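The values are calculated or read from the model by the stated rules, or taken from the named source; none is laboratory data. Predicted model, so just to flag it, every value in this text is computed and none were measured. Here Cβ is always computed from backbone atoms with ideal geometry, including for glycine, and neighbour counts include all displayed protein chains.
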Amino acid sequence: MSEQHEHDRKDGFVPSYILEKLAERGNETAKETLIVTERIKKEDLKKNEVESIIAGAVGQSKRLNYDSETTEEMQRKLVRNEGDGPVQDQSVNNAYDFCGKTLEYYRNKLGLNSIDGRGMNVISNVHFGKNMLNAFWGQDQLSFGDGNGRDFKNFTNGIDVVAHECSHAVTQFMNELIYERQSGALNEHFSDVMGSAVKQYVKGQTAQTADWLIGDEIVGPEWPGIALRSMKAPGTASELDDQPAHMNDYRELPLSQDNGGVHKYSGIPNKVFFLTAQAIGTDPAALLWFTAWHNREIIHPRATFVEAFRAIDLAAEQLVQQGKLPREAVEAVRNACREVGIQILSPVGHER
Ligand SMILES: [Zn+2]
């Protein structure tokens, strides 16, 4: 496969290398999920047939919920349209409500009209696949597996899962970070940032009261831990969580391993966000990251951690000047970067 296609191969919510570890332990649904995951990643490379869902210049986004009825077919049966009342099926209602809360957060806190900034419709497919252990953003829509009830529960149970996957769409439309190595880890990181921010917004939590876990509401009784990841303490969420929390433990990985560590190394910037949010609050920190993410000159498709945090540092200075962030925001980001070993470069490229 050519390199330029590589970035379209977005992983599901559960990284393939985690599913491989489960499969090695003889887990049959993990094996089946890997096959489905690979197929969806490949099909995502095809020219999109659903571009019509992008609703022109400025539209009013609709939530369209479909039931895949345990097949791997997207948009199989429309079960809840925008404005329809709740249905019997809790997965449908969760997808509808959590997409709604995610859109509300982006609109009210960050000024973004839907996930593409232009009022795109948000399509969800629930009961996708047979007991599939994953959730995806692919082919410009969301798909959620039911889980097997042992390793993972229904993936619509987690507001952070829904907001994380929606945020892959936001990144796709905002700066197209290539899904490999550090740019891929930044892509994953942004989805965890927004997944956590939306989760805290819905649950009425603050940076201090939140647990900062990712995927804690979808792991089942046989999952060897309490969540998939921890933004507060990377590497501690489960036996399979191998995220380092410092650049000293960063090693170049081959692309065959988690696309060069897109899930493994997202923990390092995640920790910076957690520390910044402790200092200035989660919503201001999310505004800062979101603002920086618009800086396509610095956060280019292959941006590194150092480049991304230079954009965040610049955005912090601008937002402080505009009175949109407290004065301590700039120092908070720099301190947090120092704590995980990420350099902050000044505009002329010298280390501060
Ligand atoms: Zn992701």
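Considering only residues that are among the charged types (D, E, K, R) and closer than 23 Å to residue 38 by Cα, look in the range 57-101 and name the one that is surrounded by the fewest Cβ atoms within 10 Å (Cβ to Cβ). Selected residue: 69.
Within the range 219-233, the only residue that satisfies the criterion of being part of a strand (DSSP E or B) and β-branched (Val, Ile, Thr) is 219. Whether a residue is buried (at least 24 other Cβ atoms within 10 Å of the Cβ), of a type outside the set (D, E, K, R), away from the ligand (no atom under 15 Å from the Cβ) and within 20 Å of residue 79 (Cα to Cα) was assessed, and residue 128 passes this test.
Taking the criterion of being in contact (Cβ under 8 Å) with a residue 12 or more places away in the chain, surrounded by fewer than 17 Cβ atoms within 10 Å (Cβ to Cβ) and more than 15 Å from residue 345 (Cα to Cα), the residues of the range 301-323 that qualify are 301, 302, 318. Take the range 202-218 and flag every residue that is over 21 Å from residue 146 (Cβ atoms) and part of a loop (DSSP other than H, G, I, E, B). Scanning the range 202-218 gives 204, 205, 206, 207, 208, 209, 210, 211, 212. Quick check, is residue 187 over 28 Å from residue 71 (Cβ atoms), in contact with a Ser or Thr (Cβ under 8 Å, 6 or more places away or on another chain) and in the same structural domain as residue 223 (by TED's automatic domain parsing)? Against the criterion (over 28 Å from residue 71 (Cβ atoms), in contact with a Ser or Thr (Cβ under 8 Å, 6 or more places away or on another chain) and in the same structural domain as residue 223 (by TED's automatic domain parsing)), residue 187 qualifies.
Within the range 15-43, residues that are surrounded by 16 or more Cβ atoms within 10 Å (Cβ to Cβ) sit with their Cβ atoms under 8 Å from residues that are among the β-branched types (Val, Ile, Thr), at 6+ positions apart or across chains, in these pairs: 15/262; 16/37; 19/33; 19/37; 33/14.
Output the number of residues of the range 170-193 satisfying the condition of being within 11 Å of the ligand (Cβ to nearest atom) and either modelled with pLDDT of 95 or more or assigned to a helix (DSSP H, G or I) (or both). Talk me through it step by step, then tell me what you get.
Initially, the range 170-193 is screened for residues within 11 Å of the ligand (Cβ to nearest atom), giving 171, 179, 184-185, 187-192.
If we keep only those that are either modelled with pLDDT of 95 or more or assigned to a helix (DSSP H, G or I) (or both) too, we end up with 171, 184-185, 187-192.
Final tally of qualifying residues: 9.
One residue stands out among those in the range 232-265 that are in contact with a strand residue (DSSP E or B) (Cβ under 8 Å, 6 or more places away or on another chain) and among the hydroxyl-bearing types (Ser, Thr, Tyr): the one that is nearest to residue 279 (Cα to Cα), which is 236.
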